[in-house]
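Undergrad: Mind having a look at this structure? Questions to follow.
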Amino acid sequence: MKTSKSETLFNEAIKYIPGGVNSPVRAFKSVGGNPLFITRGEESKIYDVDGNEFIEYIGSWGPHLFGHNPSFIKEALLKAIENGTSFGAPTELEVKIAKLIIELVPSVEMVRMVNSGTEATMSAIRTARGYTNKEKFIKFEGCYHGHADYFLIKAGSGALTLGIPTSPGVTKGNAADTLVADYNDIDSVKKLIHQNKSANHSGKNDIAAVIIEPVAGNMGVVKASNNFLKELRDICSEEDIVLIFDEVMTGFRVARGGAQELFGIKPDLSTFGKIIGGGLPVGAFGGKKEIMEMVAPRGSVYQAGTLSGNPLAMAAGFAALSYIRENPEVYKLLEVKSSYLEAGIKENLKLLKKNYALNRVGSMSTLFFVEGEVNDFKSAVKSDTALYGKYFHEMLIHGIYLAPAQFEAAFISTAHTREDLDKTIKANYEALSIQ
Ligand code: HOZ
């Protein structure tokens, strides 16, 4: 595979951009080698500067539910751009997209648009703090909620991959407000609440929120158990703690109404990103009216952004969400494609006598290079990341582009064809056989 143009660009990039990239995971650091510079995406494929073509399973880390550059999003964008790129003033489309999100996700009664998942999660935490008048919050080891200081404590995704789950630069004060529980372990949550009450000497907790990825995508795909989430919901209600589902990855992806629809559990607040912007930089947070009415200018919790509700981003997002509303069969199609790929890989593993864990929820999946089950952070990090690196490069040579890190998800789109999936299954067999 020719990569000389990507190499030249990367050598240039590292002089001007930290690590040569604008987001760490894409630098290939954990799998070795240099990143490929992409020129174009069309349906299930991307193309790099050296002219290589790949069937890819990142989909810009989730948003491309319909593959790259679908015509209905492109048309919506071209139409919107005729009228200007940004006003910093309200537009009709913001009202329409808010109504649509509320229709698709029943727990959301009011919603605020932001520019990224990180903004969504940090605004949700601030709102929960304002609402409860409490300061601390609980997150789970291995979950990633963006890069606000207080989330970078035992975080997943790039922070985990690069060995900096708790980042330098995070103050002791910030870290002290973040309590960390174990994923899928309700006793660890109960223990933290109990300890917090004892430390307060008041019998009352000082915990504003519990934030969780109901299907974790940032330690690889790990599904929360139904019981665990139900108990979490009950505890939060009993203890006056705001339950936040971080659905930045899962929202509108694992089901029309996100993971909360799959589990049948209503969080108090939800955070979204990715698909909600149809591939443009968008996030949102929303939930119970009573809580969302705390947000300025209706309430006193400050939250703002010039580019929030940007007309181009709203046009792409509205096109994506309208498509989902009008074509509910999208999720059946994704399930058919995803289960086909899963069955093919499982068959390969069987033939090769490798008992690796393959976790899948809808169109998100992770093949962990560890034998046995992966259902929490501790089992996820037992994966052999060096082996994953070899696998990643072998797949690349076979024309399959996966996440350049073990602790991420693979995303399927409706644009992946049977031929794409068969090629992927064949490549998977060959890549696994040489290990
Ligand atoms: N944090 C993203 C993965 N969970 C990666 C973002 C990127 O590199 O674009």
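Every number here is computed from the coordinates shown, using simple stated rules; none is lab data. Since the model is a prediction, treat every value here as computed from it, not as a measurement. As a convention, Cβ positions derive from the backbone with ideal geometry for all residues, glycine included, and neighbour counts pool all protein chains shown.
Undergrad: Could you line up H201, H68, H145, H416 from fewest to most neighbouring Cβ atoms inside 10 Å?
TA: H201, H68, H416, H145
Undergrad: In debye, nearest 20, what is the charge dipole magnitude of segment 304-364 about its Cα centre with +1 on Lys and Arg Cβ and -1 on Asp and Glu Cβ, if you could check?
TA: The calculation lands at about 380 debye.
Undergrad: Cβ under 14 Å from R256's Cβ, R256 left aside: what net charge do those residues give with Lys, Arg +1 and Asp, Glu -1?
TA: Surrounding charge for R256 is -3.
Undergrad: May I pose another question? What is the distance, in nm, between label points placed 7 Å from the Cα along the Cα-to-Cβ direction at I164 and at F87?
TA: With each label point 7 Å from Cα toward Cβ, the separation is 4.1 nm.
Undergrad: Skipping prolines and chain starts, which residues have an amide H placed within reach, meaning under 5 Å, of the one on A357, given they are 5 or more residues away or on another chain?
TA: Under 5 Å from the amide H of A357 lie the amide H atoms of F368, V370, G372, each far enough along the sequence or on another chain.
Undergrad: While we're on this one: Any of K134/K274; K5/K45; K99/K289 with alpha carbons more than 24 Å apart? Name them for me.
TA: K134/K274
Undergrad: Tell me, what HN-Hα J-couplings in whole Hz come from the Karplus equation 6.51 cos²θ - 1.76 cosθ + 1.60 at θ = phi - 60° for each residue of segment 122-139, using x for Gly and Pro?
TA: Coupling constants for segment 122-139: 5, 6, 5, 5, 4, 5, 5, 5, x, 5, 8, 6, 10, 10, 8, 8, 9, 10 Hz.
Undergrad: Separate question: If the elastic network links every pair of Cα atoms under 10 Å, which of F272, F66, F37 fluctuates the most in the Gaussian network model of the chain?
TA: Between F272, F66, F37, it is F37 that shows the largest mean-square fluctuation.
Undergrad: I275: net charge of surrounding residues, Cβ under 12 Å, Lys/Arg +1, Asp/Glu -1, itself excluded?
TA: +2
Undergrad: Can you list the lysines whose alpha carbon is less than 18 Å from that of K346, not counting same-chain residues fewer than 8 positions off?
TA: K337, K354, K423, K426
Undergrad: Ordered by packing density, taken as the mean number of other Cβ atoms within 10 Å over each peptide's residues, highest first, how do 331-344, 78-91 rank?
TA: Result, highest mean first: 331-344, 78-91.
Undergrad: Cβ neighbours within 10 Å, averaged per peptide: list 206-213, 47-54 in order, most packed at the top.
TA: Highest mean packing first, the order is 206-213, 47-54.
Undergrad: Rounded to the nearest 5, what % of DSSP beta bridges with both residues in the chain are antiparallel?
TA: So the antiparallel bridges in the chain amount to around 60 percent.
Undergrad: Excluding same-chain residues fewer than 8 positions from K136, which lysines have a Cα within less than 19 Å of its Cα?
TA: Reachable lysines: K154, K172, K190, K191, K197, K204.
Undergrad: Counting other C-beta atoms within 10 Å, which of M113, M294, M249 has the fewest, and how do the rest follow?
TA: Values: M113 26, M294 18, M249 30.
In order of increasing Cβ crowding within 10 Å: M294, M113, M249.
Undergrad: To continue, here is another question. Mind sorting E7, E42 by how few other Cβ atoms lie within 10 Å of their own Cβ, fewest first? Before the final figure, lay out each step's value.
TA: Values: E7 17, E42 13.
Taking fewest neighbouring Cβ atoms as first place, the list is E42, E7.
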